[in-house]
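What follows is a single structure, written as structure tokens, with notes after it.
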Amino acid sequence: MTQPISTTSTHSVLQLQQYLNLLSRRYPFITPVRANGQYDQATQQAVMQFQRELHPPVTGVVDQGTWNAIQKAAKAQDLPDFAPRSLRAFPPTANVLPDTHHSYMRVPQAMFQALLPLVDGIQPDIADGIHGPASVANVRWLQRRAGLTENGIMCLQTWNALTRLYEIMITADPELLSPGRG
């Protein structure tokens, strides 16, 4: 990333926000941000807090050096790694097409609903296994943010992106679910 992050993809900004939220667990001087994929004022403030304490100078711009420092600090957290955990809740060869029903769609739908108060862009849905309009919209939202083909089909790549986001936003910091956060 050679340009400031404010001029890069939504996916890069979302990843930055996720890293900043991980760092806020260890460093109380970093204010948690809403992971919305936009380099907004709250994100810039968190970057400046990181720069002030851990990687001067304070510019609010995420250049290559700042990006590397944030990424290194986030990956050094007590999490073993950022790879999705092996969970066989979604069949590896499944491709759930829009307007179909599969019982194993209930897990991704429930995960999206857990993420709903924390991440902008997710639509309310029911974990009923029906891959209807709201479910498809959530899958498309995730595919767009993860840089995948935006086709609304729930597949293994989309599942992996969802489990990674879920792990970072939910299981990495359960306090984000407490009232008044997010």
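With the simple spin-label model, which puts each label point 7 Å out from Cα in the Cβ direction, the V58 to Q41 separation comes to 1.7 nm. Between H102 and Q123, the FRET efficiency estimated from the beta carbon spacing at R0 = 25 angstrom works out to 0.85. For segment 123-171, the Cβ-based charge dipole about the Cα centre amounts to some 180 debye (Lys, Arg positive; Asp, Glu negative; other atoms uncharged).
Give me T100, T149 sorted ascending by neighbouring Cβ count inside 10 Å, so fewest comes first.
Values: T100 14, T149 11.
Listing T100, T149 from fewest to most nearby Cβ atoms yields T149, T100.
When each of the peptides 161-169, 90-98 is scored by the mean number of other C-beta atoms lying within 10 Å of its residues, the order from highest to lowest reads 161-169, 90-98. Across segment 144-153, computed HN-Hα scalar couplings (Karplus, 6.51 cos²θ - 1.76 cosθ + 1.60, θ = phi - 60°) run 4, 5, 8, x, 9, 4, 8, 10, x, 8 Hz from first to last residue, x flagging Gly and Pro.
Only the coordinates and a few stated rules stand behind these numbers; no lab work does. Owing to the predicted nature of the structure, the values given are computational and were not obtained by experimental measurement. Using ideal geometry, Cβ is built from the backbone for each residue, glycine included, and neighbour counts are taken over all protein chains shown.
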